[in-house]
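Shown next, in structure tokens, is the structure this report addresses.
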Amino acid sequence: MITARRLFAINVVAQCVIVVTGALVRLTGSGLGCPTWPECAEGSLVPTANQLEGVSKFIEFGNRLLTFALMIIVIACIVAALRTRPRRKILVVLSFSCLVGIALQAVIGGITVLTGLSPWAVTVHFLVSIALITVATALYEIAQRPEHALDQWTIRRELVPLSWACVIAALLVVVLGTLVTGSGPHAGDAAAFVRYPFDIR
């Protein structure tokens, strides 16, 4: 039987994997491989033989399927958190947060497709993924320690500003990266012409 901690670890890996497959979609120009949402093609939830998108439709559809796999993993995490004895509220809250985030991602992904890969939608889509990885990592790390030990976490006072500086710097790098991509030539599909209204170069 898979333990709760192992499930939480699998969740972290799965959250990272779907970001990598999302990058694969973008780098292969498959962002509009399924040109509509929630269907993949008009009148069909799956790719059809008469679609013009070629292999791109399978790449994008595969990425969509991973969302369902991720949802199953997160539901398993919720069940594991609820069955933990003594029950720890923080684990339940973080597990449910992952589920809400995935549902939100599905909607944002749909908006991204329906707006022709709007860079604003793509940016939000990616940033929510980063937030989900953060929550999943927190869930895993907190589960490693007894509840009473959480109050004993300490950090040297002089390291607090440095820690926050690292967090802010990392966030800036991620956000600036989405702006660079959203203003450049790699929108994720040759049919996507919407860009940010500025040249980041």
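The values are calculated or read from the model by the stated rules, or taken from the named source; none is laboratory data. Computed from a predicted model, the values in this text were never measured in an experiment. So basically every Cβ, Gly included, is an ideal-geometry build from the backbone, and we count neighbours across all protein chains shown.
Could you list all residues from region 123-173 that are basic (Lys, Arg) and either at pLDDT 90 or above or exposed (fewer than 11 other Cβ atoms within 10 Å of the Cβ) (or both)? Matches in region 123-173: 156, 157.
With respect to residue 117, is the statement that it is surrounded by fewer than 16 Cβ atoms within 10 Å (Cβ to Cβ) and either modelled with pLDDT of 80 or more or closer than 23 Å to residue 36 by Cα (or both) true? So residue 117 does not fit the description; no. Residue 30 meets the conditions (1) more than 18 Å from the chain's Cα centre (by Cα); (2) not in a helix (DSSP H, G or I); (3) not charged (D, E, K, R) in every case but one. The failed one is (1). When 111, 59 are screened for being over 27 Å from residue 10 (Cβ atoms) and assigned to a helix (DSSP H, G or I), only 111 passes.
Put simply, of 168, 142 the only residue that is out of contact with any strand residue (DSSP E or B) (no Cβ under 6 Å at 6 or more places or on another chain), touching a residue at least 24 places away in the same chain (Cβ under 8 Å), at negative phi and outside any loop (DSSP other than H, G, I, E, B) is 142.
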